[in-house]
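Got a structure for you, questions after.
The values are calculated or read from the model by the stated rules, or taken from the named source; none is laboratory data. Source: prediction; values computed, not measured. Ideal geometry is used to build each Cβ from the backbone, glycine not excepted, and the neighbour counts take in all protein chains shown. Surface areas here come from the heavy atoms of the whole protein model, side chains and all, with no ligands, DNA or RNA. Shrake-Rupley method; radii C 1.70, N 1.55, O 1.52, S 1.80 Å.
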Amino acid sequence: MSDVRQHAEDVHEQFSDHLEIDLEDVEERFRTLVDEYKVPIDEARRSVTNHYLDEAGLEREDISRGGSEEVRIEDVDEPEQWIDLTAKVIELWEPRSDSVAQVGLLGDPTGTIKFTKWAKSDLPSLEEGGVYDLRNVVTDEYQGRYSVKLNSTTVIEELDEEIEVGDDTSEIEGALIDMQSGSGLIKRCPTEDCTRVLQNGRCSEHGEVEGEFDLRIKAVVDDGIDAHEVIFDKDATEELTGISLEEAKDMAMDALDTTVVADEIGAEILGTYYRIEGPTFGRYVLADEVEELDGPADAEDLLIKARSM
Ligand SMILES: [Zn+2]
């Protein structure tokens with residue numbers, strides 16, 4: 001089925017409750033715009049939609065969207081869902097692969113999410129700071145972190161409005177009680193845009209590769225109510241432990257074993273209380289700011305309370 005036909009069917013479905021509307025007429029309108037006037041498909045869609053809105057005396061909000069569902073970023077919790085988002089482009093990043101046209105961060109009042117726009121999709125460029133209605137994007141998940149992909153069926157409409165971007169920063173205060181496997185000196189796949197952590201020298205996607213060393217900690221921090229999973233990247237790990245990547249490599253080389261690094265880090269940080277602040281990605285908090293505490297803040301309160309009783 002051609003894209004035009006698909007768009008025509010979507011529009012037809014959107015208006016079928018409101019108008020006596022013939023699918024062939026809708027498609028004809030698209031064909032005229034796209035084939036004769038060479039209008040890009042998403043502009044054609046806007047134009048055709050506006051025509052029927054006028055005819056029906058409706059506002060855009062009155063019609064169903066057909067197909068995918070309008071969601072908030074914080075509600076994205078499942079991969080491979082077709083959704084609609086209204087979001088602001090917070091940042092654009094440098095794509096690391098030719099197959100990607102644009103990559104960056106979207107935000108709405110409930111949080112932020114990474115997006116990838118495929119080069120093949122032939123969609124218009126998103127501008128940093130622009131607010132867009134994005135219909136038919138697909139959710140994806142990698143290591144508990146969600147993202148959305150813009151594909152050839154995605155419809156992009158720039159909106160002339162400002163939206164507030166929510167703050168999805170978390171702050172945790174608690175004891176670092178556990179380090180998960182995959183902490184310490186690790187190797188990542190060097191393949192462009194991959195960076196998966198190698199298991200026994202193998203990338204789950206690219207097989208056996210010459211990995212690149214990296215430092216990280218996947219920690220569990222208990223705030224007395226919940227256990228939170230916190231990731232410390234290389235910089236955060238170096239700052240937290242005082243062990244640099246180079247020193248970690250030397251330690252591993254001396255011992256002929258990379259696990260000595262995790263052991264050393266564990267001895268340094270396990271049982272220590274921290275205040276950690278950073279953005280939330282799926283179930284992980286990325287440690288941006290870390291402060292070591294003397295002990296549980298509550299203990300002192302309890303002590304004061306106990307004395308006053
Ligand atoms: Zn790989």
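Could you list all residues from the range 190-231 that are among the aliphatic types (A, V, I, L, M), in a loop (DSSP other than H, G, I, E, B) and either modelled with pLDDT of 90 or more or within 16 Å of the ligand (Cβ to nearest atom) (or both)?
Answer for the range 190-231, where residues must be among the aliphatic types (A, V, I, L, M), in a loop (DSSP other than H, G, I, E, B) and either modelled with pLDDT of 90 or more or within 16 Å of the ligand (Cβ to nearest atom) (or both): Leu198, Val209.
Let me ask you something else. Pairs under 9 Å by beta carbon, first residue of a type in the set (Ser, Thr, Tyr) in the range 175-197, partner within 16 Å of the ligand (Cβ to nearest atom), six or more apart or different chains?
Thr191/Cys203; Thr191/Glu205; Thr191/His206; Thr191/Val209; Thr195/Arg188; Thr195/Cys189; Thr195/Glu212; Thr195/Asp214
Being closer than 23 Å to Trp82 by Cβ, at pLDDT 85 or above and surrounded by 14 or more Cβ atoms within 10 Å (Cβ to Cβ) narrows it down to one residue among Val39, Val11; which is it?
The unique qualifying residue is Val11.
Filter the range 265-285 for residues that are open to solvent by less than 60 Å² (accessible area, probe 1.4 Å), closer than 16 Å to Ala236 by Cα and not in a loop (DSSP other than H, G, I, E, B) and give the result.
Residues satisfying the conditions are Ile265, Gly266, Ile269, Tyr274, Ile276, Gly278, Pro279, Thr280, Tyr284, Val285.
Given the range 84-165, what strands (runs of 3 or more DSSP E) lie entirely inside it while holding 2 or more residues that are among the basic types (Lys, Arg)?
111-118, 145-159
Of (1) of a type in the set (A, V, I, L, M); (2) part of a helix (DSSP H, G or I); (3) within 16 Å of the ligand (Cβ to nearest atom), Met251 satisfies all except one. Which?
Just one mismatch for Met251, condition (3).
Would you please list the contacts, defined by Cβ atoms under 6 Å and residues six or more apart or on different chains, that run from a residue in the range 228-239 that is in contact (Cβ under 8 Å) with a residue 12 or more places away in the chain to a residue that is open to solvent by 40 Å² or more (accessible area, probe 1.4 Å)?
Listed pairs, sorted by first residue: Glu229/Arg283; Ile231/Leu286.
Every residue, every condition in (1) small (Gly, Ala, Ser); (2) open to solvent by 50 Å² or more (accessible area, probe 1.4 Å), yes or no:
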| position | (1), (2) |
| --- | --- |
| Lys88 | no, no |
| Val100 | no, no |
| Ile113 | no, no |
| Ser125 | yes, yes |
| Gly130 | yes, no |
| Val137 | no, no |
